[in-house]
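Trainee: This is the structure I want to talk about, given as structure tokens.
The values are calculated or read from the model by the stated rules, or taken from the named source; none is laboratory data. Just so we're clear, the structure is a prediction, and the values are computed from it rather than from any experiment. Accessible surface is based on the protein model in full, side chains and every heavy atom, while ligands, DNA and RNA are left aside. Shrake-Rupley method; radii C 1.70, N 1.55, O 1.52, S 1.80 Å.
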Amino acid sequence: MCLSTVYKNSKTPESVVMRNVMRIECKDDMVIITDLMDRQMAIQGYLAEANLVDGIVLVHERS
């Protein structure tokens, strides 16, 4: 199973939005992420990068 950490705007420890993310859905202007415990979070923005080997996902917020 590949789990990822989602970062907002930059890959820094302070910008971690959620860890152990198992599902990412892009819908309209939102990126909806779900972790292993089925907790969901929606970020207004777009998926900028997904490196599944390293488990890193970068989401950029819309201004």
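Trainee: Considering only protein heavy atoms, what per residue accessible area in square angstrom results for the chain with a 1.4 angstrom probe? Mind showing how you got there, number by number?
Mentor: Values: 4280 Å² over 63 residues.
Using a 1.4 Å probe on heavy atoms only, each residue of the chain averages 68 Å².
Trainee: Can you give me the % of accessible surface on segment 1-61 that is carbon or sulfur? Probe 1.4 Å, all protein chains present, nothing else counted.
Mentor: Working: 1950 of 4000 Å².
Solvent-exposed carbon and sulfur of segment 1-61 make up 49 percent of the total.
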